Amino acid sequence: MRHLICTAVIATAGLSGAALATPAAFVEGIVTGLSTDEGVLACTLHDNAQGFPAAPGVAHVRIAPQGGQGICRFDGLPPGRYAVAVLHDENANGRLDTNALGIPQERWGISVGKAPRWRAPRFDEAAFDLGTTSLRTGIDLNP
């Protein structure tokens, strides 16, 4: 009988742990500031500073803009620190076009605040903490 009670307690504890497992959240970046609906929005989710903002990151989506905006959504995310980088690739060539001086010719933005105009943003400038609750954030693209 004592063995049966111990087994029941262990099984219940196992179920409690499973029930308390951290649910996955999503992040939605609501992108505004598009001058045209041509091309694609290339959205990249990063979980660290390595390669931000140009590296592939932990997730990447490409969506067609509509009505001067778009929504980049990343599902199934565990709690952590993240940053989103967005490029409006107007000619859909897969890269940020720049002029001879290296100044971007296509609009881009980050998940927190305005992106710096004359240099690439740093991860810490775009990063936010995601818990178990999903997050929606506005991303305004630089002109």
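Read the figures in this text as sums done on the coordinates, not as results from a lab. A quick note: this is a predicted structure, and the numbers were derived from the prediction, not measured. Virtual Cβ from ideal backbone geometry, glycine too; neighbours counted across all protein chains shown.
With q set to 0.20, 0.26, 0.28, 0.32 Å⁻¹, the log10 of I(q)/I(0) for the range 86-127, from the Debye formula over equal scatterers at the Cα positions, is -0.65, -0.96, -1.04, -1.15. Modelled label positions at GLN69 and ASP97, each set 7 Å beyond Cα in the direction of Cβ, lie 2.6 nm from each other. All distinct Cα pairs of the range 19-95 go into the 1/r average, and the inverse of that average, the Kirkwood radius, is 13.3 Å. The trypsin sites (Lys or Arg not before Pro) of the range 32-133 that DSSP puts in a loop, and whose beta carbon has at most 15 other beta carbons within 10 Å, are ARG95, LYS114, ARG117, ARG119, ARG122.
Relative intensity of the range 11-143 on a log10 scale, I(q)/I(0) at q = 0.14, 0.16, 0.17 Å⁻¹, equals -0.61, -0.76, -0.84, per a Debye sum over C-alpha point scatterers of equal strength in the absence of solvent.
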